1. Just round it to a whole percent: the fraction of Cα-Cα distances in region 1-86 exceeding 14 Å.
2. To the nearest 10 Å², what's Asp152's accessible area with a 1.4 Å probe?
3. In the chain, carbon and sulfur make up what percent of the accessible area (probe 1.4 Å)?
4. Where the centroid of each part is defined by its Cα atoms, how far is region 8-66 from region 76-130 in Å?
5. Work the Kirkwood hydrodynamic radius out for region 38-131: mean of 1/r over every pair of different alpha-carbon atoms, inverted, in Å.
6. Quick one: compute a quarter of the convex hull surface over the Cα atoms of the chain and quote it in nm².
7. Just the Cα atoms of region 66-109: what Rg and Dmax do they give in Å?
8. Per residue, how much accessible area does the chain have with a 1.4 Å probe, in Å²?
Amino acid sequence: MPALHKPRHEMVAQALANGKTQADAYRAAGYAFQPANAHRLCMSRAVVHRVQELVAERLAKDSKVRELAIEKAALTDSWIIIRLRHTIDLAIRGLPVYDKHGRQLTGQDGSPIFRPDLAQANSGLRTAAQIQGMLVKRHEIGEPGQFTRMTDQELESSLIEASKALGFSDQVVQDALAPKLVYDELA
């Protein structure tokens, strides 16, 4: 949609798209602020559509710029993981230790002494585990102890219902219940 025919209306739409309030947008276009008139203009079909268009254009432009920046920086998943692993290795190995004269200290066998940064290594390992999906935040849903009062059948039906609500396929649900079925057959 091209700019609005009335320049002052376009100024209102531009101001609203930039996050201004109705009052500020109305004043920015040179109008004397009157709440009813400002609201009527800001909510008019043409201005609302123009604001939506301006915001969509800005989002598309930002997305394109972000994609180009990522491509130019060669910032990929593998690049991040390689650098993370390197950083973790460096933190575990640590920095060299120097004496007060600036000479690197060595052990009895002549090898340099390093001081590991275990807090940094632990932080890096935690980040790597999150990337791999190994760390899961768990919290109880419902009342405390609600599941302990359920029978096995009620618990199973609750699991199936929750799995379907989360969009898991029937195969995934069956795989989750498979260990229970094997246990039941052995008992």
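The values are calculated or read from the model by the stated rules, or taken from the named source; none is laboratory data. Bear in mind the structure is a predicted one, so any value in this text is a computation, not a measurement. Side chains included, ligands, DNA and RNA excluded: accessible areas come from the protein's heavy atoms. Shrake-Rupley method; radii C 1.70, N 1.55, O 1.52, S 1.80 Å.
1. Across region 1-86, Cα pairs with separations above 14 Å total 69 percent.
2. 110 Å²
3. That fraction is 58 percent.
4. 52 Å
5. Taking every pair of different Cα atoms in region 38-131, averaging 1/r and inverting gives 18.4 Å.
6. 26.5 nm²
7. Just the Cα atoms of region 66-109 yield Rg and Dmax of 17.9, 53 Å.
8. Here the per-residue accessible area is 80 Å².
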